[in-house]
Every structure is written in C-alpha cells, then in structure tokens.
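The values are calculated or read from the model by the stated rules, or taken from the named source; none is laboratory data. This one's a predicted model, so the numbers in the text were calculated from it and none came from an experiment. All Cβ positions, even for glycine, are placed from backbone atoms using ideal geometry, and neighbour counts span all protein chains on display.
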C-alpha cells in the first residue's frame, strides 16, 4: 500500500459522514485536496506507516514478484474516448502592423479616385452615344 491509500483509509469514513450526498469520486477528490494540503510532518507519518507495511509484506512473501500487466488485444474496445472540451483554436491570428495599416490607408485613398475615374468613363460613354 502507499501512503495516500493509508490516509484515505483513515479519513474516508469521516468525509462520507460529513457529506452524505457525495459519490465515491467526489470523496476521493476531496481526499486528494486534503492530502495535497497536509503538512509534511503528517505526511511523513503515513509514509513511515506505508514503509513498515511494505517491509512486513516483503518478509512474509520473500519470492513475490509483480506480474506483468496482461495486454488484451480487445481491451481498446472498452476504453472511453476523451470528450472534446473546446473547439480547436486557430493556429495563426494575423497581427496588425504599421505596414498593413499604411497599406489599408493607401487603398482607401485610392478608392475615391477610382470611383471618380469610373464616373468619367461613364460620362464619356454616355456623351458619345
């Protein structure tokens, strides 16, 4: 066992009694937050307790070796896909530069003169008809 599991064993029942509407995942989340904020001195108590339990287990099971995880070729069918939390952000967002601002100003100044050129062409074609 590890030190966090020993901490959970000591505190889970009390948390469930204090918060009867919470499910197991929510209680474990609260326990994780409590463990995270626990003082190093109190964590040391659980670490030493876990170390002692490990020594006792190794002494009573001298030939014990962990089994390798068996991989099932069909296991991927049972894995859940992660939900998409947000749409992908665009890779490139164009920035405005002095050059692009100056170019935009030039284009707006050219537009009225282009319109006046079109008007003069229209009047010339109308007078020639």
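Looking only at segment 14-41, how many residues end up being surrounded by 11 or more Cβ atoms within 10 Å (Cβ to Cβ), assigned to a helix (DSSP H, G or I) and over 27 Å from the mean Cα position of the chain (by Cα)? Number satisfying all stated conditions: 2. Close Cβ contacts (under 9 Å, 6 or more residues apart or on different chains) running from residues in segment 64-75 that are within 24 Å of residue 54 (Cβ to Cβ) to residues that are modelled with pLDDT of 75 or more and surrounded by 10 or more Cβ atoms within 10 Å (Cβ to Cβ) comprise 64/57; 64/58. Selection of segment 39-53 for residues being closer than 15 Å to residue 1 by Cβ and free of Cβ contacts under 8 Å to residues at least 40 places away in the same chain yields 45, 48, 51, 52.
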